[in-house]
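The values are calculated or read from the model by the stated rules, or taken from the named source; none is laboratory data. This one's a predicted model, so the numbers in the text were calculated from it and none came from an experiment. Glycine also receives a Cβ, built like all others from the backbone with ideal geometry; neighbour counts cover every protein chain displayed. Ligands, DNA and RNA are excluded from the accessible area calculation, which covers all protein heavy atoms including side chains. Shrake-Rupley method; radii C 1.70, N 1.55, O 1.52, S 1.80 Å.
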Amino acid sequence: MSGRLVTLGSKGGPAIRPGGPWPTSSLLELGGRVIVVDGGLGVTHGLTDAGVNLKALDLVFITHLHSDHVLELGGLIHTAWTAGLATPVQVFGPAGTQDYWDGFLRSMKFDIDIRIVDEGRPDIRELVKVREFSEGLLCEEEGLRVSALRVDHPPVTNCFALRFEHGGRSVVFSSDTAYFPPLADFARSADILVHEAMLEAGVDRLVARTGNGTRLKEHLLASHSFAQQAGRIARQAGVRHLVLHHLIPADDPAIGEADWVEAVRESWAGALTIARDGLVVEFADAVAA
Ligand SMILES: [Zn+2]
Ligand SMILES: [Zn+2]
């Protein structure tokens with residue numbers, strides 16, 4: 001069965017820099033479905049660059065409401081609508097997602113109303129269904145099964161890892177989390193584990209550059225995982241392929257792919273990919289590795 005994962009935006013955190021990577025979003029094509037996981041800035045362009053026809057937008061999952069995961073959700077759906085979207089879109093997100101969407105619609109009321117009248121478009125308000133979720137089974141339709149696990153990302157309490165399964169294939173996204181051993185059970189034997197990762201050597205330089213020093217560093221250490229810890233989860237879970245994603249830092253010229261590989265190899269000997277924007281992982285690769 002064919003399918004692929006594309007890491008559309010691979011950096012952790014909301015900042016963007018000249019020529020640098022975009023905040024977090026992913027495309028998962030599984031069982032013939034087009035699935036978007038997170039809607040950080042750049043998600044719309046990332047999807048079109050990955051060859052997705054925006055009219056085919058179908059399922060969107062938001063892991064938590066930090067802006068690097070949700071800022072462009074409205075922009076994505078609205079752009080798909082102006083591209084001719086005429087079929088329903090389901091948006092799964094934590095508590096607060098409906099509020100975000102309602103606020104977006106309010107902010108764009110002028111444009112939405114005028115395009116319906118002037119261009120004869122269907123009402124975007126009727127095309128989109130927001131489904132707020134907590135832990136457990138989120139949806140089961142046409143052989144696709146999606147479940148969620150609350151992870152450890154203080155001070156955000158509604159932050160969820162997601163597991164997608166179809167036809168014997170499984171892909172798990174850690175979302176943002178500190179080292180969280182229950183994730184190993186949740187990701188058990190997955191074909192691909194997409195885990196967030198931080199590199200110790202880069203954190204101090206990142207904090208110095210960003211300018212709010214100690215508080216930012218405390219947040220990073222309390223609520224994110226080091227690459228070595230992501231590797232440990234992958235090993236405990238017995239996954240086939242580990243993809244490091246949501247990289248912190250992702251745009252430090254002093255840190256390259258070799259540094260990430262070196263760190264994760266302390267705990268993980270299996271198939272490994274370090275994400276970058278637009279990187280494709282085919283399921284065949286994941287299985288062969
Ligand atoms: Zn994040
Ligand atoms: Zn976050």
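Values as computed for the structure displayed
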{"read-out": "Contacts under 6 angstrom Cβ, first residue in region 67-89 being touching a residue at least 12 places away in the same chain (Cβ under 8 Å), partner open to solvent by 50 Å² or more (accessible area, probe 1.4 Å) and of a type in the set (A, V, I, L, M, F, W, C), 6 or more apart", "value": "71/41; 72/41"}
{"read-out": "Entirely in region 33-118, the strands (runs of 3 or more DSSP E) that have 3 or more residues that are out of contact with any Gly (no Cβ under 8 Å at 6 or more places or on another chain)", "value": "33-37, 89-93"}
{"read-out": "Enumeration of residues in region 184-209 that are open to solvent by less than 10 Å² (accessible area, probe 1.4 Å), within 16 Å of ligand 1 (Cβ to nearest atom), among the aliphatic types (A, V, I, L, M) and not in a strand (DSSP E or B)", "value": "203"}
{"read-out": "Pick from region 1-32, criterion in a strand (DSSP E or B), hydroxyl-bearing (Ser, Thr, Tyr) and out of contact with any Phe, Trp or Tyr (no Cβ under 9 Å at 6 or more places or on another chain), ranking: surrounded by the most Cβ atoms within 10 Å (Cβ to Cβ)", "value": "25"}
{"read-out": "Top-ranked residue of region 10-26 - restricted to ones that are within 15 Å of ligand 1 (Cβ to nearest atom) and in contact with an Asp or Glu (Cβ under 6 Å, 6 or more places away or on another chain), ranked as nearest to residue 67 (Cα to Cα)", "value": "14"}
{"read-out": "Unmet requirement for residue 151, which otherwise passes all of (1) of a type in the set (A, V, I, L, M, F, W, C); (2) in contact with a Cys (Cβ under 6 Å, 6 or more places away or on another chain); (3) under 19 Å from residue 28 (Cα atoms); (4) within 16 Å of ligand 1 (Cβ to nearest atom)", "value": "(3)"}
{"read-out": "Hits in region 157-178 (condition: within 15 Å of ligand 1 (Cβ to nearest atom) and part of a strand (DSSP E or B))", "value": "160, 161, 162, 173"}
{"read-out": "Single residue of 137, 149 found to be at pLDDT 95 or above and open to solvent by 60 Å² or more (accessible area, probe 1.4 Å)", "value": "137"}
{"read-out": "Residue within region 239-260 that is part of a loop (DSSP other than H, G, I, E, B) and either among the hydroxyl-bearing types (Ser, Thr, Tyr) or more than 28 Å from residue 45 (Cβ to Cβ) (or both) present", "value": "yes"}
{"read-out": "Criterion (closer than 30 Å to residue 146 by Cβ and open to solvent by 10 Å² or more (accessible area, probe 1.4 Å)) met by exactly one of 270, 213", "value": "270"}
{"read-out": "Out of 227, 187, 201, 250, sole residue that is under 16 Å from residue 12 (Cα atoms), more than 16 Å from ligand 2 (Cβ to nearest atom) and under 19 Å from the mean Cα position of the chain (by Cα)", "value": "227"}
{"read-out": "Flag if residue 57 is free of Cβ contacts under 8 Å to residues at least 40 places away in the same chain and buried (at least 17 other Cβ atoms within 10 Å of the Cβ)", "value": "yes"}
